[in-house]
């Protein structure tokens, strides 16, 4: 859900003190949109070195990371501050982003299973073992 991603990034810009709590729940790989992954990474890196985070410093950080205007437009970054009416619910938005990420992971697992079960060169035991491992990884993420 892109709206939750936008709202979360907007909340992180509005209230950088929420970043540590958000990072305990999710990482950049949990974002669906590539540009949101880049923005989350930039904000996280800036937070680690206690750099002030605002629209201008974020844009500069993205450019230093090699993220071009074509990959993340300045007007998109500016839109983040209006995507979140309040910074009161960043953990809620982070949990929505995580839930969507987990659903995408489940879809990938099921798509892989659909291919693997047809491959007669693979043993059923190996297919089930791989499936169990990937499901166990998802279960661990839900308990974070």
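The values are calculated or read from the model by the stated rules, or taken from the named source; none is laboratory data. Since we're looking at a predicted model, the values are computed, not measured. All Cβ positions, even for glycine, are placed from backbone atoms using ideal geometry, and neighbour counts span all protein chains on display.
Residue under question is residue 24, and the condition is that it be out of contact with any strand residue (DSSP E or B) (no Cβ under 7 Å at 6 or more places or on another chain) and free of Cβ contacts under 8 Å to residues at least 40 places away in the same chain; does it hold?
On the way: out of contact with any strand residue (DSSP E or B) (no Cβ under 7 Å at 6 or more places or on another chain): yes; free of Cβ contacts under 8 Å to residues at least 40 places away in the same chain: no.
Criteria not met by residue 24.
Checking the condition closer than 13 Å to residue 97 by Cα, under 16 Å from the mean Cα position of the chain (by Cα) and modelled with pLDDT of 95 or more, which residue from 23, 45, 3 passes?
23
Looking at segment 56-65, is at least one residue touching a helix residue (DSSP H, G or I) at 6+ places or on another chain (Cβ under 9 Å), surrounded by fewer than 17 Cβ atoms within 10 Å (Cβ to Cβ) and part of a helix (DSSP H, G or I)?
Yes; the residues of segment 56-65 include at least one that is touching a helix residue (DSSP H, G or I) at 6+ places or on another chain (Cβ under 9 Å), surrounded by fewer than 17 Cβ atoms within 10 Å (Cβ to Cβ) and part of a helix (DSSP H, G or I).
Within segment 74-96, track down each residue that is over 20 Å from residue 32 (Cβ atoms) and in a loop (DSSP other than H, G, I, E, B).
Hits for segment 74-96 are 85, 86, 87, 88.
For residue 87, state whether it is loosely packed, with under 13 Cβ neighbours inside 10 Å and under 22 Å from residue 11 (Cα atoms).
On the way: loosely packed, with under 13 Cβ neighbours inside 10 Å: no; under 22 Å from residue 11 (Cα atoms): yes.
No: the conditions fail for residue 87.
Examine segment 132-141 for a residue that is surrounded by 13 or more Cβ atoms within 10 Å (Cβ to Cβ) and without any contact (Cβ under 8 Å) to a residue 24 or more places away in the chain, and state whether such a residue exists.
no
Taking the criterion of being surrounded by 12 or more Cβ atoms within 10 Å (Cβ to Cβ) and part of a loop (DSSP other than H, G, I, E, B), would at least one residue in segment 116-124 satisfy it? Write out each step before concluding.
Just the residues of segment 116-124 that are surrounded by 12 or more Cβ atoms within 10 Å (Cβ to Cβ), to begin with: 116-117, 122.
Retained after the next criterion (residues that are part of a loop (DSSP other than H, G, I, E, B)): 117, 122.
Yes: segment 116-124 contains one or more residues that are surrounded by 12 or more Cβ atoms within 10 Å (Cβ to Cβ) and part of a loop (DSSP other than H, G, I, E, B).
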